[in-house]
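The values are calculated or read from the model by the stated rules, or taken from the named source; none is laboratory data. Small disclaimer: the values here were computed from a predicted structure and weren't measured. Please note: Cβ atoms are built from the backbone with ideal geometry, for glycine as well, and neighbour counts cover all protein chains shown. These accessible areas exclude ligands, DNA and RNA; they are computed on the full protein's heavy atoms, side chains included. Shrake-Rupley method; radii C 1.70, N 1.55, O 1.52, S 1.80 Å.
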Amino acid sequence: FVREEARYRTRHGEDRWLEVFARADFDDAGNFTGCAGTLNDVTARRLALEQLQEQLHLVQELFEVMPLPIYLTDTAGRYVHLNRAFGEFFAINRRQWVGQAMAELLPADLATLHADRDREILAAVGQQVYEAQAELHGGERRDTIYHKVTLTKADGSITGLLGAIVDITERKAHEAAVSGAESRLRQITNSVPAVVFQCAIGPERI
């Protein structure tokens, strides 16, 4: 029994994909007598599959070149895919993170925070934005914003989460510096004694 897909060219010069089912027939003495089978035209299905593969390749390329750290996790919190920026941001070999759970890779406080947030968004099926620290290789912590969205199949079942990380460490430092400068300015202006004076219109007194 043979089953395969093969490309054939019609007499009009058109290429078609056919699904071939064939079997060998033998007589009672075991002698080969011929073949029997069917041919099914699967050109439309094959072209649709090729287009899907091209689209997935394009998505994969975009995923890789995005400057933001982006990751995919399954419903159990295991990393499924990490883009190049993610590996560079955390200074890790991202292939070693694939298949690992956050609880196995992140500090306990951060792992608990993200696990709680993940449960919320998986239950709500939507989007989520929150601030959290990220610990880089070597123990340095950065202030970040996590953007997450649930991933679903056509039937509505949840397959996991797509997350993106935005580093806001410099922005928060700048905001803190501006806030500190404003606070110092208020202290200075509040400490200057007020000058009270009166004046009257007229040549006789001022």
Residues whose placed amide H lies under 5 Å from that of Arg141, excluding near-sequence neighbours: Leu136
For Thr159, residues with placed amide H under 5 Å, excluding near neighbours: Leu151, Thr152, Lys153
So what does log10 I(q)/I(0) come out to for the chain at q = 0.09, 0.12, 0.16, 0.17 Å⁻¹, using the Debye formula with one equal point on every Cα and no solvent? -0.65, -0.83, -1.09, -1.17
For His81, enumerate residues with amide H under 5 Å from its amide H, sequence gap 5+ or separate chain, H modeled in the peptide plane. Leu72
Point-to-point label distance, Ala123-Asp41, nm (Cα→Cβ direction, 7 Å offset): 5.4
What is the gain in length, in nm to one decimal, between Asp15 and Ala108 on full extension, counting 0.36 nm per residue of separation less the C-alpha to C-alpha distance? 27.6 nm
Residue by residue through the range 120-130, what is 3J(HN,Hα) from phi via Karplus (6.51 cos²θ - 1.76 cosθ + 1.60, θ = phi - 60°)? Round to whole Hz and write x for glycine and proline. 5, 6, 5, 6, 7, 6, x, 10, 8, 9, 7
Give me the extension gain from Ile92 to Val149: residue separation times 0.36 nm, minus the current Cα-Cα distance, reported in nm with one decimal. 18.1 nm
Per residue accessible area in Å² of the chain, where ligands, DNA and RNA are left out and the probe is 1.4 Å: 71
Using 0.36 nm per residue of separation minus the Cα-Cα distance, give me the extension gain between Ala76 and Thr159 in nm, one decimal. 28.9 nm
MRE, 222 nm, helices only [DSSP H, n ≥ 4, -39500 (n - 2.57), over the chain, to nearest 500]: -12000 deg cm²/dmol
The chain, accessible surface, carbon-and-sulfur percent (1.4 angstrom probe): 55
